[in-house]
Structures are given as C-alpha cells and as structure tokens.
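The values are calculated or read from the model by the stated rules, or taken from the named source; none is laboratory data. Since the model is a prediction, treat every value here as computed from it, not as a measurement. Please note: Cβ atoms are built from the backbone with ideal geometry, for glycine as well, and neighbour counts cover all protein chains shown. Side chains included, ligands, DNA and RNA excluded: accessible areas come from the protein's heavy atoms. Shrake-Rupley method; radii C 1.70, N 1.55, O 1.52, S 1.80 Å.
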Amino acid sequence: MLYDNHGRQINYLRLAVTDRCNLRCFYCMPEEGIKYMPKKELLSYEEMERIVRIMAKMGIRKIRITGGEPFLRKGMMDFIQTLHSINGIEQLNVTTNGTMTKALVPDFKKVGIKSVNLSLDSLDQKRFFDITRRNDFSKVMDTFHQLLEYDIPTKINAVVMNGRNIEDIVPMINLTRDYPVSVRFIEEMPFNGTGEQAQVEAWDYPKILDHIKSNFPTIKKIKDPKHSTSFNYKIPGFKGSVGIIAAYSRLFCGSCNRIRLTPQGMLKTCLYDDGVFNIKKIIRNGGTDEHLKTALLEALGNRAKDGFEAEKNRTFGRPVSESMATIGG
Ligand code: SAM
Ligand code: SF4
C-alpha cells in the first residue's frame, strides 16, 4: 500500500488523457488563444499504460479517465479496456462532457467503465450555450438518458457560478427526484486558463447549501463515502442524492487519496500544485521502472498537507491560472 508523509493512503489516480476539448466552458478555458501541447508532448497510450502498470503494483486501485475531453482522443475505448485489464486496477471511472458519448455508452460496461461523471452546468439550452460557448446541450442530454438506459451509475457535475446558473440549482436537484443520480455542485476554482480570479461573488459550500435548504427544507445529510470530496445530502422520497464539492474552500484535503497525471506527463500530488515531477522526462530519457517508482515515492514523501500549502509551494509562487483541461479536475 502507498502512503504519503501525512499518513494518507494513496490508491487513486486521475489520468488526464488529453488537453484538447470541443467545448469552451468559460470557467475552464478561454474562448480563443488556447495553446494546446504539440501532440508529441502528450503521453502516448503506451507510456500511460506503463505508468499505470507501475502504479498498480505500488497500490493504485482506482483510475479516473479525464481531460480535456477524453473521447476526443482516438482509440479511447480500447485504451480504457487495456487499463481495466491491468492487475490491481479494481475500478475505472470516466469524467466526460457527454457531447460525443451517446453511441459509446452501450459498450461502457464491456470496456470496464464502472461509473460516469457527466459535466452539465445547466438544464437550459441557452444558459448551457452561454457557459460552454457551444450548442451541444441536446447531445449531453442524450448521453445522460443513454447512461440511465444502460444502467451506468452516473453523477452530474455542475460548477456553481453567480449570474450564470443559480436558477439551475433547483431543477437539477429535481433530477434526483426522478432519476437515481447524484447531482454535485462544485465551487468554482480559478483554473480557467486566464489567470483571472474566478467569481467576484463566490458561491461557496455554505451559500450553496443555504440556497438548497431554502428550497428543499426537508433535505437531510447522509453519510459520505470514505474519501468523498462531496458533502452528501438527500431529499426524503427522492431517488438520487445531492452533493456539494468544496473545491475552492478545500475542505477535503485531510482524507485525500488521489494523485494526478497531466496529459503532458507531470505528476501532481495536489490539484493546487504546479506539478511535482515530470514522469515523461524520466520515461523518455530511458528511466527504468525502478527509477519511476523511486521518484514517485519521493514525491509522496514530500506531499503538501493541503491545497493551501500546495498552492503556496508553487514554482516562484506562481498563482493558479492554468486551464483545468490541462489537469483533469
Ligand atoms: N471535459 C470533461 C468534462 O468536462 O467532464 C473532463 C475534464 S473537466 C476539466 C473535469 C471537471 O472539472 C468537470 O466536471 C468540470 O466541470 C470541472 N472544472 C473545470 N474547470 C473548473 C473550475 N474552474 N472550477 C471548478 N470545476 C472545474
Ligand atoms: Fe472542456 Fe471539460 Fe473544460 Fe468544459 S470543463 S472546457 S468540457 S475540459
């Protein structure tokens, strides 16, 4: 088993497989002027598979495929199936914007996808367009219904943004009345590729919860799963549940079991660090599995206590400004 220097078990890898995306969610990417990494700088499938094999031997049990939009990368379903067959990997999940996935959903279980986080910030076509700058609302809804049809456990992720989608909070919770899904409201973070502060008037965990309670006074707290990043609630009689992810307030660091690998091969031991070592460099310089293992253990032996410390330790104190598409969320 893998542990960090604060005694936290590490068993979960978030693998961002591409920095490319077909949407332009304004909280994640600027509308124009995005500089994607040259393709040769992205980890190849073979490189990612090798890294996962090594990590699985060390104690990684769960993988989340994310991006950018994972399904933009050709051959993604085959790659997922390969990862799923690796000894030690017990759970494989995917985060997607759902714009390209309806036709793939029937094969999700076959390739080993256990559950899906579907990003959907609005149930209104116009607001969806204003947020994502693309007209793909109906495609995402088609994916949503297809996931239900094929009985794939689904969570909806919605970033809460003042002046953008507050009116969606109630209708989204009503989805949990009708469907067995978990809807999770995420505090906006400044990972938008512009270096600008996120919201002026932030909707943090207490504010989101107050808003929900005033509309659903019977809402009850339910037990949070181990390592959960969300505080979870349920409205009695509803089929699904509601979660709030205090991602900017960073209330979940104490039980964090995850590391991240960026599309360009940086290992992140915290969402808020700016990469603790370059795995791709080791691999492309002919490093052995043993080299990689040693570097990983060293990184985990120096892991920041929480997201505030990780942010403070960034290179030259550089503030958080990169696009979330280069991290994977
Ligand atoms: N493209 C896929 C998607 O949208 O689901 C996967 C990658 S996306 C970067 C992963 C998650 O990060 C999404 O749920 C998205 O809403 C969230 N995210 C992106 N930028 C964010 C920000 N600035 N603050 C909070 N969450 C963010
Ligand atoms: Fe693309 Fe996901 Fe970022 Fe939206 S949140 S721009 S879908 S990577």
Just checking, how many residues over segment 24-45 are more than 15 Å from ligand 2 (Cβ to nearest atom) and either in a helix (DSSP H, G or I) or modelled with pLDDT under 95 (or both)?
4
Could you list, in sequence order, the residues of segment 94-128 that are assigned to a loop (DSSP other than H, G, I, E, B) and free of Cβ contacts under 8 Å to residues at least 12 places away in the same chain?
103
Looking only at segment 2-20, decide whether some residue is crowded, with 21+ Cβ neighbours inside 10 Å, under 25 Å from residue 226 (Cα atoms), of a type outside the set (Ser, Thr, Tyr) and in contact with an Asp or Glu (Cβ under 7 Å, 6 or more places away or on another chain).
yes
Can you confirm whether segment 182-191 contains a residue that is farther than 18 Å from residue 324 by Cα, more than 16 Å from ligand 2 (Cβ to nearest atom) and in contact with a helix residue (DSSP H, G or I) (Cβ under 9 Å, 6 or more places away or on another chain)?
yes
Counting only residues that are closer than 26 Å to residue 129 by Cβ and of a type outside the set (Asp, Glu), give me the strands (runs of 3 or more DSSP E) lying completely in segment 165-246 with at least 2 of them.
182-187, 241-245
Suppose we keep only residues that are of a type in the set (A, V, I, L, M) and surrounded by 19 or more Cβ atoms within 10 Å (Cβ to Cβ) within segment 104-118. Which one would you say is farthest from ligand 2 (Cβ to nearest atom)?
111
What number of residues within segment 279-313 satisfy the criterion of being part of a loop (DSSP other than H, G, I, E, B) and more than 21 Å from the chain's Cα centre (by Cα)?
6
Take residue 99 and decide whether it is away from ligand 2 (no atom under 13 Å from the Cβ) and among the hydroxyl-bearing types (Ser, Thr, Tyr).
no
Failed criterion for residue 48 (all others in (1) under 16 Å from the mean Cα position of the chain (by Cα); (2) assigned to a helix (DSSP H, G or I) hold):
(1)
Pairs with Cβ under 6 Å, 6+ apart, first in segment 233-262 and open to solvent by less than 20 Å² (accessible area, probe 1.4 Å), second among the basic types (Lys, Arg):
233/221; 243/184; 245/184; 260/14; 260/268
The residue from 36, 45 that alone is within 15 Å of ligand 1 (Cβ to nearest atom), open to solvent by 40 Å² or more (accessible area, probe 1.4 Å) and without any contact (Cβ under 8 Å) to a residue 40 or more places away in the chain is 36
When segment 215-228 is checked residue by residue, the ones that are under 17 Å from residue 153 (Cα atoms) and in contact (Cβ under 8 Å) with a residue 24 or more places away in the chain are 228
Taking segment 123-155 and keeping only residues that are more than 13 Å from ligand 2 (Cβ to nearest atom) and either of a type in the set (Val, Ile, Thr) or under 20 Å from the mean Cα position of the chain (by Cα) (or both), one is left with 141, 144, 147, 152, 153, 154, 155
Residue identified as open to solvent by less than 30 Å² (accessible area, probe 1.4 Å) and either at pLDDT below 95 or of a type in the set (S, T, N, Q) (or both) among 174, 165, 215
165
Of the residues in segment 268-278, how many are under 20 Å from the mean Cα position of the chain (by Cα) and outside any loop (DSSP other than H, G, I, E, B)?
1
Would you confirm whether any residue within segment 66-76 is open to solvent by 50 Å² or more (accessible area, probe 1.4 Å) and more than 15 Å from ligand 1 (Cβ to nearest atom)?
yes
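Results for (1) in contact with a Lys or Arg (Cβ under 6 Å, 6 or more places away or on another chain); (2) modelled with pLDDT under 95; (3) surrounded by fewer than 17 Cβ atoms within 10 Å (Cβ to Cβ), shown as yes or no for each residue.
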site	(1), (2), (3)
270	no, no, no
275	yes, yes, no
279	no, no, no
285	no, no, yes
291	no, no, yes
302	no, no, yes
